[in-house]
Amino acid sequence: MSASTKISPEVQQSPLRRIWRSPTSAGRWYWLAASLLFYAVILAWYMYAIRTQQFPNPLNDPLRLFGIFGYVLILVTLAYTLRRRFVRGLPGKVQNWLWMHTWLGISTILIIFLYENFDHVTNDFCSNFSCLTDAEWGTAAMLGLIFLVVSGITGRLLDTWQSHIVAQDASANGVGITRALEERILELEYTVERLCAGKSESFKKYCLAAIDTGASPKAVPALSSGEQGDFRRASQTLGQREQLVQSLHRQQRAQRLMRVWRSAHIVLATLAMLVISYHAVMELLMNVFHVIPAS
């Protein structure tokens with residue numbers, strides 16, 4: 001004997017609401033733990049050097065090694081840009097590479113503070129612009145690295161905030177994100193055009209004005225009784241379209257803000273990396289490989 005369950009038409013026709021969320025990744029905790037562990041080792045080494053050396057400075061180990069470690073970490077963090085824009089076939093999710101980029105970037109600036117023995121950070125502050133070019137642009141390189149880290153953290157918070165706005169809006173509008181909204185708005189406009197077919201001029205002007213301005217006119221046109229039903233349906237459709245257009249504008253504004261920040265960050269980060277690389281290469285050639293006489 002078989003049993004059958006009858007499903008009501010309301011249950012069959014009710015669509016499942018999709019809950020949109022910002023992407024998350026467990027990789028943030030792995031990279032945070034790895035960064036903390038690596039920095040703890042460097043910090044313990046630094047504390048030992050401070051106790052055992054009379055004049056610890058960036059020209060002597062281990063502080064000199066800290067500078068090399070810092071530059072290597074900077075190059076490693078740049079691998080995120082490589083993974084995201086050029087070599088997308090590299091293993092791992094982009095979110096994991098982003099968290100690697102974030103946590104290692106923060107660790108790098110903390111290690112560079114140890115490399116400089118906190119000069120120009122807690123003491124011996126720069127009093128003029130000539131200080132920036134001392135030690136082969138060393139101070140400018142450190143300030144550039146600070147700018148990279150601070151701007152990266154700011155951008156990460158901005159990106160998280162705006163992604164949350166987009167996800168929250170996509171959950172609330174009942175349609176989804178930008179492309180789905182554009183398609184649904186176009187469908188509603190086609191519906192209004194079909195309802196306008198064969199109607200009076202005042203009916204058509206009202207609908208066209210609502211589509212052009214994005215809001216239904218307050219003045220309701222005088223229509224014949226035969227057009228009242230289609231006008232109500234057109235007004236409901238235009239109201240749905242108006243809500244979706246507002247949702248689309250909110251999401252586009254959030255996406256535009258993130259694009260502007262990324263573009264500015266890339267340009268400024270490139271300039272900072274040129275200064276950092278110049279200082280790193282000159283230090284290696286003068287004080288590590290001794291190819292160039294130290295000034």
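So, of the residues in the range 178-207 that are part of a loop (DSSP other than H, G, I, E, B) and without any contact (Cβ under 8 Å) to a residue 12 or more places away in the chain, which turns out to be nearest to the chain's Cα centre (by Cα)? Talk me through it step by step, then tell me what you get.
Within the range 178-207, the subset part of a loop (DSSP other than H, G, I, E, B) is 197-200.
Add one more test, that the residue is without any contact (Cβ under 8 Å) to a residue 12 or more places away in the chain, and what stays is 197-198.
On the way: 197: 46, 198: 49 Å.
Ranking the candidates gives 197 first.
Consider only pairs whose beta carbons are under 6 Å apart and that are at least six residues apart or on different chains; among these, list those whose first residue lies in the range 46-67 and is touching a residue at least 40 places away in the same chain (Cβ under 8 Å) and whose second residue is among the aromatic types (Phe, Trp, Tyr).
Correct list of pairs: 58/115; 63/115; 66/115; 67/115.
Would you point out which residue out of 135, 172, 141, 167 is exposed (fewer than 14 other Cβ atoms within 10 Å of the Cβ) and either small (Gly, Ala, Ser) or at positive phi (or both)?
On the way: 135 fails: exposed (fewer than 14 other Cβ atoms within 10 Å of the Cβ); 141 fails: exposed (fewer than 14 other Cβ atoms within 10 Å of the Cβ); 167 fails: exposed (fewer than 14 other Cβ atoms within 10 Å of the Cβ).
Just a single option satisfies the conditions, and that option is 172.
Regarding residue 126, is this residue farther than 26 Å from residue 266 by Cβ and assigned to a helix (DSSP H, G or I)?
On the way: farther than 26 Å from residue 266 by Cβ: yes; assigned to a helix (DSSP H, G or I): no.
No; evaluated as a whole, the condition is false for this residue.
When you go through (1) surrounded by 12 or more Cβ atoms within 10 Å (Cβ to Cβ); (2) more than 22 Å from residue 29 (Cα to Cα) one by one for residue 102, which number turns out not to apply?
Condition not satisfied by residue 102: (2).
Within the range 212-246, which residues are of a type outside the set (A, V, I, L, M) and not in a helix (DSSP H, G or I)? First the steps, then the outcome.
Step one: of the range 212-246, the residues of a type outside the set (A, V, I, L, M) are 212-214, 216-218, 221, 224-233, 235-237, 239-243, 246.
Hits for the range 212-246 are 214, 216, 217, 218, 221, 224.
Among the residues of the range 150-164, are any in a loop (DSSP other than H, G, I, E, B) and either over 23 Å from residue 63 (Cα atoms) or in contact with a strand residue (DSSP E or B) (Cβ under 9 Å, 6 or more places away or on another chain) (or both)? Can you show your working first?
Kept after step one, since they are in a loop (DSSP other than H, G, I, E, B), are these residues of the range 150-164: none.
Checked against the condition, which is being in a loop (DSSP other than H, G, I, E, B) and either over 23 Å from residue 63 (Cα atoms) or in contact with a strand residue (DSSP E or B) (Cβ under 9 Å, 6 or more places away or on another chain) (or both), the range 150-164 yields no hits at all.
With respect to residue 106, is the statement that it is assigned to a helix (DSSP H, G or I) and closer than 21 Å to residue 284 by Cα true?
Numbers: assigned to a helix (DSSP H, G or I): yes; closer than 21 Å to residue 284 by Cα: no.
For residue 106, the condition - assigned to a helix (DSSP H, G or I) and closer than 21 Å to residue 284 by Cα - is not met.
Go over the candidates 146, 177 one by one and state the one that is at pLDDT 90 or above and farther than 18 Å from residue 104 by Cβ. Break it down stepwise before answering.
On the way: 146 fails: farther than 18 Å from residue 104 by Cβ.
Among 146, 177, only 177 is at pLDDT 90 or above and farther than 18 Å from residue 104 by Cβ.
The values are calculated or read from the model by the stated rules, or taken from the named source; none is laboratory data. Computed from a predicted structure; not experimentally measured. Neighbour counts run over all protein chains shown; Cβ positions are idealised from the backbone, glycine included.
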